[in-house]
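Working notes for the structure below.
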Amino acid sequence: MTVKNSFLTALVGNCKELSQLKQVHAYILRCRIKDTPYAITPLLSVAATSNDASFFSYARSIFAHLTHRNTFMHNTMIRGYLQNRSPAPAVSCYLAMLQNGIAVNNYTFPPLIKACVALASSSSNVIGRLVHGHVVKFGLRDDPYVVSAFIEFYSTSRQVEKARLLFDETASKDVVLWTAMIDAYGKMGNVENARELFEEMPERNAVSWSAMMAAYSRVSDFKQVLALFTEMQNEGTKPNESILVTVLTACAHLGALMQGLWVHSYAKRFNLDFNPILATALVDMYSKCGCVELALPVFEGIVSKDAGAWNAMISGAALNGDATKSLEFFHQMADYGTQPNETTFVAVLTACTHAKMVQQGLQLFEAMSSTYGVAPRVEHYACVVDLLSRAGMVEEAEKFMEEKMGGLMATDPNVWGALLNACRIYKNIDVGNRVGEKLLDMCVADCGTHVLTYNIYREAGWDAEANRVRSMISEAGMKKKPGCSIIEVDNEVEEFLAGDHSHPQAQQICKLLDSIHKMVDLEHY
């Protein structure tokens, strides 16, 4: 009996349950289809690369019982192991190919190299270099997909120079290779080299633009993200979903509501707003722009809400001062059947902090591990310190830091700052002095915390101590980060730093502000 592989692939692709997959397998065996080992290939391919764990388990069983295995079957299993987060078996499968004399090809190595990246151990670097040697031996050193995978491997192991050497030595560079190198620089935070390559590209596609925008987003240069997006549109490149998510993230950080509304309109026009990742980014953008009423219908329209979607809505409500609503969403999340994660608890603890709901916050912190099985991390402990501090319970916050966080030595400036700021607000000079002295003894180089200590001493009338801290700040050459304001006018985002006069219209702006101040002063007479 002859059955085309395309028919079998379509048949297996329509299987939604493992029982259906087994029925197709039984059909192949019962009909004794000619060349059965090769007829089984479509079944193995679909099962191995499915996101269903039961399908992959069945694929492993099929592969284990095959008496005749070819290159495609091994490549399929290597890809399946990688996709199912099992990089070590992927490497073992490759070794079995070599031991059994199975020929390798250019499809063998990209998933194998990615498996070396995923191993994330000291041995993975050695294995990756050995694989690189095999690639050279088998004459595949110029394959763009293989080279792209090695660029990712070397950049992930912080060897970007080797990645660049590979890129430069490859004679035929396609858009995939250029994009891989740009992405490698971007992941290292080296946006200058990434942009230089980007400008040199002979050809760009949406993935190239996405990689460059993601590079700027990683270093929080969100204005450049929006500038690139405008440039991309002018060149006529259609944005993909990844680009829209990056742009929405930039809009959220800059408060660029009009740009965000345009992205939402675009997504609706091309039916992309059903993508849960994009919808979650929209919820986050609207919330951070102060438009929870626009975020809510987008959130409600997400058919399958994962933890990221719930977290965006919980954070959005908290960010806009509605702690009660934030906690309501948290409880709805549990009723919905979605498991809260670390980010969820940062969001609800922050909501409790700003609303000074101390008891609710402490109960949630205790329930993290006992009820929800989420182990508290440093950021959750920091939230509790902030919760207690803002409620004026500075002694309790100090005690919590000492007993639960290992004291000041084990915490970061944000935690000290929360405690010191509370000491200043509630005029608790005793705790403020103890914390300030410890920070001075530790020779901490964070300007903001020392400025808070100085203000506590000055406002308490402790001039000698205040002057001592001020001298220390001056001698150490510490400088406080300037305040920043961002506004959006006619779809253009402008950023202003305190004391910065580099803006081309700085003089006109200062004159206008001076005129407004004079008008305000006149109204007082």
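The values are calculated or read from the model by the stated rules, or taken from the named source; none is laboratory data. Please read all numbers here as calculations on a predicted model, not as lab measurements. When we count neighbours, we look across all protein chains shown, and the Cβ atoms used for this are built from the backbone with ideal geometry, even at glycine. Protein only, heavy atoms only, side chains kept; ligands, DNA and RNA dropped before computing areas. Shrake-Rupley method; radii C 1.70, N 1.55, O 1.52, S 1.80 Å.
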* Only residues that are among the aliphatic types (A, V, I, L, M), out of contact with any Ser or Thr (no Cβ under 8 Å at 6 or more places or on another chain) and more than 11 Å from Ala118 (Cβ to Cβ): list them for region 66-99, please. => Leu66, Met77, Leu95, Ala96, Leu98
* Structure fact -> Checked region 319-358 for anything part of a helix (DSSP H, G or I), within 22 Å of the chain's Cα centre (by Cα) and among the polar types (S, T, N, Q); matches are Thr343, Thr344, Thr350
* Structure fact -> Subset of region 161-213, residues among the polar types (S, T, N, Q) and not in a loop (DSSP other than H, G, I, E, B), comes to Thr179, Asn193, Ser208, Ser210
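Does Val385 fit the bill of being assigned to a helix (DSSP H, G or I), under 20 Å from Ala347 (Cβ atoms), modelled with pLDDT under 80 and not aromatic (Phe, Trp, Tyr)?
Values: assigned to a helix (DSSP H, G or I): yes; under 20 Å from Ala347 (Cβ atoms): yes; modelled with pLDDT under 80: no; not aromatic (Phe, Trp, Tyr): yes.
No: the conditions fail for Val385.
Within region 380-404, track down each residue that is open to solvent by less than 30 Å² (accessible area, probe 1.4 Å) and charged (D, E, K, R). Show your work before the answer.
Here is the first cut: in region 380-404, the residues open to solvent by less than 30 Å² (accessible area, probe 1.4 Å) are 380, 382-385, 387-389, 392, 394, 397-398, 400-401.
Residue satisfying the conditions is Glu398 alone.
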* What do you reckon, is Val175 farther than 24 Å from Met73 by Cβ and open to solvent by less than 50 Å² (accessible area, probe 1.4 Å)? -> yes
* Asked: Applying the selection to region 361-379, what residues are surrounded by fewer than 18 Cβ atoms within 10 Å (Cβ to Cβ) and not in a loop (DSSP other than H, G, I, E, B)?
  -> Leu362, Gln363, Glu366, Ala367, Ser369, Ser370, Val378, Glu379
* Structure fact -> By residue number, the members of region 264-281 that are of a type outside the set (S, T, N, Q), surrounded by 12 or more Cβ atoms within 10 Å (Cβ to Cβ) and outside any loop (DSSP other than H, G, I, E, B) are His264, Tyr266, Ala267, Pro276, Ile277, Leu278, Ala279, Ala281
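Only residues that are open to solvent by 60 Å² or more (accessible area, probe 1.4 Å) and among the hydrophobic types (A, V, I, L, M, F, W, C): list them for region 99-108, please.
Of region 99-108, the ones open to solvent by 60 Å² or more (accessible area, probe 1.4 Å) are 99-101, 103, 107.
Correct list: Ala103 only.
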* Asked: Do we have any residue at all in region 156-167 that's under 22 Å from Gln83 (Cα atoms) and not acidic (Asp, Glu)?
  -> yes
